[in-house]
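The values are calculated or read from the model by the stated rules, or taken from the named source; none is laboratory data. Everything quoted here is computed from the prediction, not taken from an experiment. Don't worry about glycine lacking a Cβ; one is built from the backbone with ideal geometry, like all the others, and counts go over all protein chains shown.
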Amino acid sequence: MDVKELLERGGTIAVVGFSTDPYKTAHRIPRQMMDAGWKVIPIHRTATEIAGQKAYPTLADVPEPIDLVDVFRPSAEAAAVTRQAVDAGAKAVWLQLGISSGEARRIAADAGVDYVEDLCIAVEASRTGARPPVS
C-alpha cells in the first residue's frame, strides 16, 4: 500500500488517544496533522475538547464519516480499536510508531480496511510530501 496515497485520500482523521497534554507525542503529532490541513477529530474517554476540536469518547460517537483512524494506544488495545474503526466505517487504520498487532492487522484485512502499523503519521506525511485532499 502506498502511504502517500492513503494520506491524500483521507481528509478526516479520528485520533484515538489524542492526549490533552500538549507536551506528549500523542498531542503534538495530531496537532501537526491539523496544522498541515487534515481535519482531526480527537477521541478521548473523558475530554470534551482538545486543541480547539470537539472530542468524542468513542469512534461510534463521531457523527460524520471517518477516513482514517490514527491510534495512540498500547499495542494490547489495537485489536479492539481496529474493530471499533471497522464498525464506524473507517477506510483505514494507522497504528503509530511503536504500536503493532497481528490481530489488528487480521481484523483490518478481513474487513478490507487499509492498515499501517509502527509508523509515525506526521513523519510519513512529511517524508512523502502528502497533502490532505482538497474539499
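Out of all the residues in the range 120-129, which are out of contact with any helix residue (DSSP H, G or I) (no Cβ under 7 Å at 6 or more places or on another chain) and within 17 Å of A26 (Cβ to Cβ)?
V123 - this is the single residue of the range 120-129 that is out of contact with any helix residue (DSSP H, G or I) (no Cβ under 7 Å at 6 or more places or on another chain) and within 17 Å of A26 (Cβ to Cβ).
Filter the range 64-83 down to residues that are of a type outside the set (A, V, I, L, M, F, W, C) and touching a residue at least 40 places away in the same chain (Cβ under 8 Å) and give me whichever is farthest from L6 (Cα to Cα).
R73
Matching residues to (1) touching a helix residue (DSSP H, G or I) at 6+ places or on another chain (Cβ under 9 Å); (2) closer than 18 Å to T25 by Cβ:
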{"position": "D70", "(1), (2)": "yes, yes"}
{"position": "Q84", "(1), (2)": "yes, no"}
{"position": "D87", "(1), (2)": "yes, no"}
{"position": "V134", "(1), (2)": "no, no"}
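Starting from the range 88-101, keep only residues that are closer than 18 Å to G11 by Cα and in contact (Cβ under 8 Å) with a residue 24 or more places away in the chain, then list their pairs with residues that are assigned to a loop (DSSP other than H, G, I, E, B) and among the polar types (S, T, N, Q) whose Cβ atoms are within a distance under 9 Å, requiring at least 6 positions of separation or different chains.
A88/T58; L95/S101
Identify, please: which residue in the range 1-28 is hydrophobic (A, V, I, L, M, F, W, C) and outside any strand (DSSP E or B) and is, among those, modelled with the lowest pLDDT?
Step by step, filter the range 1-28, then rank; the result is M1.
Go through the range 116-135 and give me each residue that's in contact (Cβ under 8 Å) with a residue 60 or more places away in the chain and closer than 28 Å to A76 by Cα.
Residues satisfying the conditions are V116, L119, C120, I121, A122, E124, A125.
Could you tell me whether any residue of the range 126-133 is hydroxyl-bearing (S, T, Y), within 16 Å of G10 (Cα to Cα) and in contact with a Phe, Trp or Tyr (Cβ under 9 Å, 6 or more places away or on another chain)?
no
Can you report the number of residues in the range 62-77 which are assigned to a helix (DSSP H, G or I) and within 23 Å of K39 (Cβ to Cβ)?
Number of matching residues: 0.
Considering only the range 49-61, I want to know if a residue exists there that is part of a loop (DSSP other than H, G, I, E, B) and without any contact (Cβ under 8 Å) to a residue 24 or more places away in the chain.
Yes, there is a match, as at least one residue in the range 49-61 is part of a loop (DSSP other than H, G, I, E, B) and without any contact (Cβ under 8 Å) to a residue 24 or more places away in the chain.
Restricting attention to the range 29-48, and to residues there that are outside any loop (DSSP other than H, G, I, E, B) and without any contact (Cβ under 8 Å) to a residue 60 or more places away in the chain, which single residue is farthest from F72 (Cα to Cα)?
D35
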